[in-house]
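Step one of this worksheet: look at the structure below.
Every read-out reported here was derived from the displayed coordinates using simple, explicitly stated rules and does not represent laboratory data. Computed from a predicted model, the values in this text were never measured in an experiment. Ideal geometry is used to build each Cβ from the backbone, glycine not excepted, and the neighbour counts take in all protein chains shown.
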2 protein chains.
Amino acid sequence: MSGSSSEDASNTLRILVATDCHLGYMEKDEIRRHDSFRAFEEICSIAEQKQVDFLLLGGDLFHENKPSRSTLVKAMEILRRYCLNDQPVQFQVVSDQTVNFANSFGHVNYEDPHFNVGLPVFSIHGNHDDPAGVDNLSAIDILSACNLVNYFGKTVLGGSGVGQITLYPILIRKGSTSVALYGLGNIRDERLNRMFQTPHAVQWMRPEAQEGCQVSDWFNILVLHQNRVKTNPKNAINEHFLPRFMDFIVWGHEHECLVDPQEVPGMGFHITQPGSSVATSLIEGESKQKHVLLLEIKGNQYRPTKIPLASVRPFEYTEVVLKDEPDIDPNDQNSILEHLDKVVSNLIKRSGQKAVNKSELKLPLVRVKVDYSGFMTINPQRFGQKYVGKVANPQDILIFSKISRKDQKEAKIDDSERLRPEELNQQNIEALVAEHNLKMEILPVNDLDIALHNFVNKDDKMAFYSCVRYNLEETRNKIARDSDSLKFDEKDIIVKVGESLQARNLYPT
Amino acid sequence: MSGSSSEDASNTLRILVATDCHLGYMEKDEIRRHDSFRAFEEICSIAEQKQVDFLLLGGDLFHENKPSRSTLVKAMEILRRYCLNDQPVQFQVVSDQTVNFANSFGHVNYEDPHFNVGLPVFSIHGNHDDPAGVDNLSAIDILSACNLVNYFGKTVLGGSGVGQITLYPILIRKGSTSVALYGLGNIRDERLNRMFQTPHAVQWMRPEAQEGCQVSDWFNILVLHQNRVKTNPKNAINEHFLPRFMDFIVWGHEHECLVDPQEVPGMGFHITQPGSSVATSLIEGESKQKHVLLLEIKGNQYRPTKIPLASVRPFEYTEVVLKDEPDIDPNDQNSILEHLDKVVSNLIKRSGQKAVNKSELKLPLVRVKVDYSGFMTINPQRFGQKYVGKVANPQDILIFSKISRKDQKEAKIDDSERLRPEELNQQNIEALVAEHNLKMEILPVNDLDIALHNFVNKDDKMAFYSCVRYNLEETRNKIARDSDSLKFDEKDIIVKVGESLQARNLYPT
C-alpha cells in the first residue's frame, strides 16, 4: 500500500469478520447461560475499538430458529449499545438497496434518518436461524425490522425442479476501494450442491463496468454458511464450485477456528473460516483458541489480522486410550478412575495456567475422549460429581468410544464430521419407512423429512400441508403433460404416479 | 379552558388511548390474518393525524405470550413507521425514569439520542402478553429493548404471603399541566383482589409537593388490565378498591367498547373502557362500533373525544329464539334452515348498508345465537358452506344455546362473562385432584394450576420446579419456625406440613 496514512485510511475498507455466535446457546444452564452473549459483546467491542467500517457475520447469530424473548432482548441490547452512536459511517452502498435488503424498508440501516447508526452490521442467516413459516421470516428479520442489522443473502428459491438463485452483491465504495459483497444464506447442502452442478442454476450478478471503473476493479467477497468438510461430498460444498472471480470467501457454519486465510489452489481466492465464538460441541476443533478477523481492503489488496477472543470460556480437550496406559490394571476399576482423575486434574491445571486475567477466571469446559476397548466404561455423571464447581460441564467430562484416533484413520474423520453443529436427524422418516417396509407412492421420503423438520423445529404448522399440496400438484401436472401427448389407460396412471415420484426424487426441492 | 389557543396548546397534554390490539390474532386465517394489524395501524395513523403527545395502550398489544416472528416483525414495522419521525416531543418526564421503565436503558424512548422518536408509545402488559420465564420478560420487553415502546407498570411481586406492590407514577409535565400516570400491568384477578383487601399491600406513591406545585395539582391517571365485570367478584376488580385520588381510569382487558368516560359514584373519578380494536370472540359486546379515545388534559380539566375506528371488520350479531318464530315448523328442518338463511342474509345486507367506503368493503363477521329449545340443532359447518366468500367466518356463523336472553336474566350475565377474551381453564388440576380423590399434602392445587398454565402457555420450563421448590421452602421454614418455639414429635411433622399448606392456601401467591 502506498500514499499518506490519512489517504490510506480514507481508501481502506476495514471489516471485522465473525460468525456462528449462536446467541442463546445453553441459555438455561446456570454456568454457561451468558457465554454466547459475552463473546458476541466482545466481538462488538473489538469492532468499536478497531473502528472498523462494519461488522460482517456469517450466519447462526441465533442458536434457535425461534429465539426466546430473553435471547432477543439481550441481542438487541448489545446491538443497540454498540451499533448506535455518533461515529460517522465512511462508506457508501451504491447498489440497489431494495434488492440487497429483504425488509420492507429497503435500505441499509445507517441511511435511515431516524436512527443514529455508527457501526453497521451485515449478516446472512445460517442453518439455525434460517427463514421459515408462511412469511419465510428468519430471526434476523426481527433485528432487521428494528433496524439493528442489515440482513442480506436471503435468496428466494424457485418452486420446482432444481430451482434457481440469483446473487446480487452489495456494492460498497470507500474512496478508491470498491467491494462487491455477495451473501448466500444457508441452503440445504444437498440442494445447493445439485444447483452448483446444474448449468445456470446459480447466477452471480457482476457490477457493470462504468466510466473509469472496470469489472476487475471490484474486490469480490462471498459469505456463505455451509458444510465445508469433504467426508460426504453430497452434504458439503466443494470449494471448487465457487466462482473464480471471487477474491475472498468467508465460510460460516464450521465451528473450528481456521481464521488465517487459506489459498485454494487454482481458484485464485482465499478462504477464512473464523469458526464459532462459542463452543456448541465438546470436540477437539472447538477447543482451539477462537478468533475473529480484521480484514482491511485497499483496492485489490487486503490485509488479514486475526484477533483472539478473550471472553470465551476455556476448553481443554484430550484423548486417552486405556489399553496404552501402563499404570492401569484392567481388572481394577479404581486404577481407571485414578488415571482419569489425573488426566482431568491436569487439564484443569493447564486451563488455569493459560488464563491471562486471573481475576476473571472462568470454570473451564473439560472433555476427555476415552477409548475403552477391552475395559469397562464408568458412569460419566458419577465421575463428574467431584468436579462440580471446578469445571463448567461436570455432567459430561468423559465420553467413551471404542475407536481411537491412534488406531484408525476414520476416527479423525469422525471427529471432523462432528465439528459441525448438531444436525437434525433427517433419517427418521427414512428409517420409519424402511422399518415398516412401506412403499411411498406419492410423497418422497426426503420431502417428508423436510416437512417434519420444519414442523418440529421451525413451528411451520403448514409444513405437511405444503408438502402434500406440492407433491399432488407436481404429480397432476406430470400426468396432465404426459396425457396430452399420448393416451393411456387408467391403470397406467399408477405407473405414471410412480414415475412422477421418481423424477422428483432425482431433483428434490 | 381560557387563554389564547397557542397558550392552550402548549399547556394541553393530548393522549390517544387504545387497548387490546391483540396483534397476531388469527394470523393463520386466510381472511382475517391482517385484521389486528390494520386496526393497530389505523390507531397509529389517528395518533399522527391528531398530533397527540403520545399513544397510551392498556395491555394485550400482542395476542400470544410468545408472538410469532411474523407478528413481531409487523408490529415493529408499524411502530417504526409511525413513531419515528421529526415531530418534536413537547412534554417532559420528570420522575425517576429508571424506576418507571424496567429495561436496561432506563429512560423514556424519545430521550435516547440515537433514535428520532416523534410519537412516544406507553404500554402496560395485559394477560396475553404478561411477563413470564426465568427473566420475567414480556413480549413488550422486546419492543422496549429496541426502543419502540415505553413499557411501564411492570410490578415485581414479593415472593411469599399476599405480596406487595408499589406503584410509582410516570410524572409528565407539559407547560402548566402535570399528569401522574400510574400503570398496573395485569396480575391475576384473585391475587390483586386479595391485595386490595390487605392493608398496605398496594402502595400508591404520590409526587412530592414542590415549590409552587401542590400534590393536588397533579392530574392522576391509572391504566390497568383486569376483569371489570362483577358477576364473580373474586375474579374481577371492584372499582371501589381504586384510590379516590385518581382522576381518570383507563380500563383494559374488557373487549366491549364503553369508551365514553363513566363516573363512579362516590369515587370522584371517571372510567373509560376503550375495548379491543379487534374482535376476538363473536359475542354481542364485540359487535358494537370500536373506538379509541382522544384525551386532552389542561390543568385539572380534561376533554374526552371518542374516535371511531374505520378499519375494523364489520361484525353483525343477533339472537334468534326458534320457538318464538311463527314461520318455523318444528317438524320440518328445512323451515328452520330457511329462517336462519333469511336472518343471515339480512345481517349481511345490513353490514353492507353501513359500510362508508364501498370500495374497501370487507367480508363481515356474522354471528347468530340460536335458542333451539324444543328443536333439533343443525350442523353449523354445513350451514356455513353457502356463505363462503360472503362472510369472514362461514365455519361458525351459528352458535346454539338452550337458554335465551329473553327467557332468563342469567343469559345476559353469561354473555358479559364471555366478553372477556378466552381464559385458560384453570380448573383442570382441581378437577383432576377431585376426580381421583387425591389429597394434596404439600403442593396447593392453585399453585399447580399456575405452574401448569405457565408451563403450557408461557413456555416456562422451570414452572413446576419453581412451584415445588417454593412450597418445599415454605414448608421447611414454617416447620423450622415452629420447632424453635416448641418441641414436637416426628409424627407431628405431618400435621405441621398440613398446617403449612393450609396457611399458604389462604394466601396463594
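Have a look at the DSSP beta bridges in segment B:5-308 and tell me what percent are antiparallel, nearest 5. Don't skip to the end; give the middle numbers.
Details: 27 of 54 bridges.
Within segment B:5-308, antiparallel bridges account for around 50 percent of the total.
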TODO: Kindly give the distances from B:Leu361 to its copy-mates, label point to label point, with each label point 7 Å from Cα along Cα→Cβ, as nm values to one decimal ordered shortest first.
DONE: 7.9
- [ ] Treat segment A:5-308 as a sphere of radius equal to its Kirkwood radius over Cα pairs and apply Stokes-Einstein at 25 °C in a medium of 0.890 mPa s; give the translational diffusion coefficient in µm²/s, rounded to a whole number.
- [x] 126 µm²/s
- [ ] Along Cα→Cβ, 7 Å out, is where each label goes; now give me the distance between the ones at A:Glu208 and B:Asp29 in nm to one decimal.
- [x] 4.8 nm
Open item on the list: Using a 7 Å offset from Cα along the direction of the beta-carbon, what are the separations from B:Glu30 to the same position in each other copy, nm, ascending?
Closed with: 5.3
Task: Long-range HN-HN contacts of B:Phe400 with modeled amide H, under 5 Å - done: B:Val370
- [ ] Report the full-extension gain for the segment B:Thr98 to B:Arg476: residue separation times 0.36 nm, less the Cα-Cα distance, to one decimal in nm.
- [x] 132.4 nm
Open item on the list: Label position 7 Å from Cα toward Cβ: report the copy-to-copy distances for B:Ile165 in nm, one decimal, ordered from shortest.
Closed with: 4.9
- [ ] Write down Rg/Rh for segment A:1-151, rounded to two decimals, with Rg from the C-alpha atoms and Rh from the Kirkwood relation over Cα pairs.
- [x] 0.99
Task: Distance between modelled label sites at B:Asn232 and A:Asp341, nm, 7 Å Cα→Cβ extension - done: 6.0 nm
Task: Cut-off under 5 Å, modelled amide H: who pairs with B:Thr177 long-range - done: B:Gly299
TODO: Provide the gained length on full extension for the span B:Asp327 to B:Ile399, in nm with one decimal, where the gain is 0.36 nm per separating residue minus the Cα-Cα distance.
DONE: 23.9 nm
- [ ] Would you mind getting me the FRET efficiency between B:Lys306 and A:His107? Use the beta-carbon distance for r and R0 = 30 Å, nearest 0.05.
- [x] 0.20
Task: A from B by rotation - nearest chain B beta carbon to the axis, in Å - done: B:Cys146, 2
Open item on the list: Give me the one-decimal nm value for the distance between modelled label points at B:Asn334 and A:His240, 7 Å along each residue's Cα-to-Cβ direction.
Closed with: 7.9 nm
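How high is the FRET efficiency between B:Arg382 and B:Ile494 when r is their beta carbon distance and R₀ equals 56 Å, given to the nearest 0.05? List each step's numbers first, then the result.
Numbers: r = 59 Å, r/R0 = 1.05.
The computed FRET efficiency comes out at 0.45.
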